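A quick write-up on the structure given underneath.
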Amino acid sequence: MANRFEKTTFMPKVRMGINYIIFCILLIGGFMFGVNRFARETISYQEDTLILALQKDIAQCYAIEGFYPPDLDYLKDHYGLVYDTEIFTVDYTAFGSNMYPDVTILNKSKRTATTIR
């Protein structure tokens, strides 16, 4: 004979196991969502930083040397421009030494383009 305060059924243990599994799945899903969101925000921040760096380097080159940079490699060599080439592609088109170049940043991860003017 069982004590009236003891549970004799197996169901509470099963429910506890199911609740534990559901909790773990939700916890892992929330963690993955947070990591994915953090990665997207980091890439967006990198793109903003690249835009500012290009604008600053182009203006600084014109102010110091009296001409706009002839190509992107000139900015890399003389002004220390560094960016992640696996995420971004920079299309740099110079029209002349006294005209602001056309610069387009292609974000490979978001498949978007940003033009600097």
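The values are calculated or read from the model by the stated rules, or taken from the named source; none is laboratory data. Remember, it's a predicted structure, so these values are computed and weren't measured experimentally. Glycine gets a Cβ as well: all are built from the backbone with ideal geometry, and neighbour counts include every protein chain shown.
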- request: Tell me, please, whether a residue that is part of a helix (DSSP H, G or I), in contact with a helix residue (DSSP H, G or I) (Cβ under 6 Å, 6 or more places away or on another chain) and at pLDDT 90 or above can be found in the range 21-37.
  value: no
Scanning the range 71-92 for residues that are closer than 17 Å to Lys56 by Cα and among the hydroxyl-bearing types (Ser, Thr, Tyr) gives Tyr74, Tyr79, Tyr83, Tyr92
Tell me, yes or no, whether the range 79-91 has at least one residue that is part of a helix (DSSP H, G or I) and out of contact with any strand residue (DSSP E or B) (no Cβ under 6 Å at 6 or more places or on another chain). yes
Given (1) loosely packed, with under 12 Cβ neighbours inside 10 Å; (2) at pLDDT below 90; (3) not hydrophobic (A, V, I, L, M, F, W, C), Tyr45 misses just (2)
### Any hit, the range 55-65, residues being small (Gly, Ala, Ser) and closer than 18 Å to Ser97 by Cβ
yes
**Asked** Quick check: anything in the range 3-14 outside any loop (DSSP other than H, G, I, E, B) and at pLDDT 90 or above?
**Response** no
Assess whether Gly30 counts as being of a type outside the set (Asp, Glu), surrounded by fewer than 11 Cβ atoms within 10 Å (Cβ to Cβ), free of Cβ contacts under 8 Å to residues at least 60 places away in the same chain and closer than 17 Å to Phe95 by Cβ.
-> no
**Message:** Please determine whether any residue of the range 48-61 is modelled with pLDDT under 90 and hydrophobic (A, V, I, L, M, F, W, C).
**Reply:** no
Subset of the range 77-97, residues over 17 Å from Arg117 (Cβ atoms) and under 26 Å from the mean Cα position of the chain (by Cα), comes to Asp77, Tyr79, Gly80, Leu81, Val82, Tyr83, Asp84, Thr85, Glu86, Ile87, Phe88, Thr89
Cβ pairs under 8 Å, 6+ apart or interchain, first in the range 47-74 and among the charged types (D, E, K, R), second in a helix (DSSP H, G or I), ordered by first then second residue, are Asp57/Leu75; Asp57/Tyr79
Of Tyr74, Tyr68, Tyr62, Tyr45, the only residue that is part of a helix (DSSP H, G or I) and more than 28 Å from the chain's Cα centre (by Cα) is Tyr62
Within the range 75-86, the residues that are hydroxyl-bearing (Ser, Thr, Tyr), surrounded by 10 or more Cβ atoms within 10 Å (Cβ to Cβ) and over 13 Å from Val103 (Cβ atoms) are Tyr79
